[in-house]
Amino acid sequence: MITKYKGNLLLFIVSILTPFIATMLFILTTEIFILLPIFLIALIFLFVSMIGLRTTETVKSKRKYYSLIAFGSVFLYFVTYGLQYNVANYIYFKQRENKLNQLVLNIKNYQKIKEMSDGQRFWKTINNTSIEPKIKNVDTTDKGFGKKYFLDDILSKNGISKQQYESFRQRLISTGFESFTIIDDGTISFTKDGFLDNCFGFAYSTTGKNPKINDCGDIIRWVKISDNWYAWGTT
């Protein structure tokens, strides 16, 4: 009975901690369809172990506390989700801080690229012009999804080095961002992910003021995570 009790207790504790740890460490780096089953399994194990603890607990007066702790942990997760998300942003940033600071410095010094994507998605852009790296995919007839220009032509037109473009593109990929844009106030906004006008990312700002809008939409979330660095979200 003691062994079974200890097994239930261990499963109970792990089930409580799993959603918190997964959110803070993996919410920004793992697809949600992978995390959701983990959360669901943790929830199932939480209540299975709770029932097991209530069954194996020899002190009758203590049994109710396992139910209170189980339901309380679920409530606490949702209540503190914003704090967990801020911690996730901080951890993600600190792991890439040096690379991001160097990238910002290079963007400022180069000055010729005001906006660009990582070139891995269907819609690829540089300086707000849609581009294709392969001539066979170029379409300037404005059919379907809109005009797409040949990358080399746009780089030449803007006086941008192909080597510098590739350097920025690879560094966006290595830091996990899909694009960056320089906003009118000088803020450099990096988009992590999102869909249509519901996006999120980080921004480098020397003023610290919420620019209110970027290339994704209206910025409704603006949280400081380090010197000159802010986490943002739009809707």
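Entry note, the stretch 1-141: relative contact order of 22 percent, from Cα contacts under 8 Å with a spacing of 6+ residues. Over 22 Å apart at the Cα level, from the set K4/K62; K99/K148; K99/K134; K157/K192; K94/K162; K6/K62, are K99/K148; K99/K134; K157/K192; K94/K162. From the largest down, the stretch 24-89 spans 43, 22, 13 angstrom on the principal axes of its Cα atoms. Of all aspartates and glutamates in the structure, the ones whose alpha carbon falls short of 14 Å from that of K136, not counting any fewer than 8 places away in one chain, are D152, D153. Volume per residue of the convex hull around the Cα atoms, evaluated for the stretch 100-221, comes out as 111 Å³. When the solvent-accessible area of the chain is split by element, carbon and sulfur atoms take up 60 percent of it, the probe being 1.4 Å.
Under the rule of -39500 (n - 2.57) per DSSP H run of 4 or more residues, summed and divided by the residues of the chain, what mean residue ellipticity at 222 nm is obtained, to the nearest 500 deg cm²/dmol?
Details: 6 runs with 119 residues, N = 235.
Roughly -17500 deg cm²/dmol at 222 nm, from the helical runs in the chain.
Peptides 56-65, 162-171, 226-235 ranked from most to least packed by the mean count of surrounding Cβ atoms within 10 Å: 226-235, 162-171, 56-65. The long axis of helix 81-110 is offset from the longest Cα principal axis of the chain by roughly 20 degrees.
Computed log10 I(q)/I(0) for the chain at 0.09, 0.12 Å⁻¹: -0.53, -0.76, from the Debye equation with unit scatterers placed on every C-alpha and solvent omitted. Compared with the dominant principal axis of the Cα atoms in the chain, helix 2-26 is inclined by about 20°.
Per residue, the chain exposes 58 Å² of accessible surface when a 1.4 Å probe is rolled over the protein heavy atoms with every protein chain present.
Let me have the relative contact order for the chain, percent, based on Cα pairs under 8 Å that are six or more residues apart.
Details: 307 pairs, mean separation 29.0, N = 235.
For the chain, the relative contact order is 12 percent.
Relative to the globular-protein estimate of 2.2 N^0.38 Å, the Cα radius of gyration of the stretch 89-156 stands at 1.40.
The values are calculated or read from the model by the stated rules, or taken from the named source; none is laboratory data. If you're wondering where the values come from, they're calculated on a predicted model, not measured in any experiment. Please note: Cβ atoms are built from the backbone with ideal geometry, for glycine as well, and neighbour counts cover all protein chains shown. Note: areas computed on protein heavy atoms with side chains; ligands, DNA, RNA excluded. Shrake-Rupley method; radii C 1.70, N 1.55, O 1.52, S 1.80 Å.
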